[in-house]
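The values are calculated or read from the model by the stated rules, or taken from the named source; none is laboratory data. Keep in mind it's a predicted model, so treat the numbers as computed, not measured. Note: ideal-geometry Cβ built from the backbone for every residue, glycine included; neighbour counts use all protein chains shown. Protein only, heavy atoms only, side chains kept; ligands, DNA and RNA dropped before computing areas. Shrake-Rupley method; radii C 1.70, N 1.55, O 1.52, S 1.80 Å.
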Amino acid sequence: MLGPTDGQETLARAADVFRYIDSNFANWNCDVPGPPAKETSVQVYEMVRDSAFQEMFGGFGVALDRLALTQAQIKQFVKRYPDWLKKGGNGTFFLFNAGDEFFVAAMYLFSDGRLGARVRRLTLERVLRAKKRHRLVLKIVRSKSSPESIS
């Protein structure tokens, strides 16, 4: 569960949380505040099949904006639930949007305890390997058919 946020925090300016912040947050115009958010339930999923981002996030049968978090919510999750971040340099992925474009914030918790934040475009065609057991954190969307795992 994430608490309410005013939406003003961005990942590009989260040096209080991350030792490394990808410069593309600024280069790709992602360093923009989001809307305020109410208390929000989230779910953590772990990859079970090789997938690119569009397949991963598009496989839930709902519009992407219903799954996306704000950057302030992502920062809150990382601070509140560090034990849910994938360790050993493998990513934990969060869907967010800036303007009309969707992005993936990729959080990396390295074995020495350092935390890094990267950004990737949702349209990146790179296939991520399931054997790495990357994680996704998404809003819980109530529907008739909720997936049990990521396909």
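Screening the candidates PHE93, PHE102 for the property of being in a strand (DSSP E or B) and over 16 Å from VAL32 (Cβ atoms) yields one hit, PHE93. Taken as a whole, the range 101-115 holds at least one residue that is surrounded by fewer than 16 Cβ atoms within 10 Å (Cβ to Cβ), more than 19 Å from VAL44 (Cα to Cα), modelled with pLDDT of 90 or more and not polar (S, T, N, Q). Only residues that are part of a strand (DSSP E or B) and among the small types (Gly, Ala, Ser) were counted across the range 41-71, and they come to 1. Of the residues making up the range 27-43, those that are out of contact with any Ser or Thr (no Cβ under 8 Å at 6 or more places or on another chain) and surrounded by 15 or more Cβ atoms within 10 Å (Cβ to Cβ) are TRP28, THR40, VAL42. For the range 116-129, a residue qualifies if it is surrounded by 15 or more Cβ atoms within 10 Å (Cβ to Cβ) and either hydrophobic (A, V, I, L, M, F, W, C) or touching a Leu at 6+ places or on another chain (Cβ under 9 Å) (or both), and the qualifying residues are GLY116, ALA117, VAL119, LEU122, LEU128. Taking the criterion of being small (Gly, Ala, Ser), open to solvent by 10 Å² or more (accessible area, probe 1.4 Å) and in contact with a helix residue (DSSP H, G or I) (Cβ under 8 Å, 6 or more places away or on another chain), the only residue of the range 44-91 that qualifies is GLY58. Quickly run through the range 72-90 and pick out the residues that are closer than 14 Å to LEU138 by Cβ and assigned to a strand (DSSP E or B). Matches in the range 72-90: none. Applying the criterion of being in contact with a Phe, Trp or Tyr (Cβ under 8 Å, 6 or more places away or on another chain) and farther than 19 Å from TRP84 by Cβ to the residues of the range 1-19, the residue that is most open to solvent (accessible area, probe 1.4 Å) is ALA12.
Pairing each residue of the range 59-82 that is within 19 Å of GLU9 (Cα to Cα) with any residue that is assigned to a helix (DSSP H, G or I) and at pLDDT 95 or above, provided the two are 6+ apart or on different chains, yields C-beta distances under 7 Å for GLN71/LEU11; ILE74/LEU11; LYS75/LEU11.
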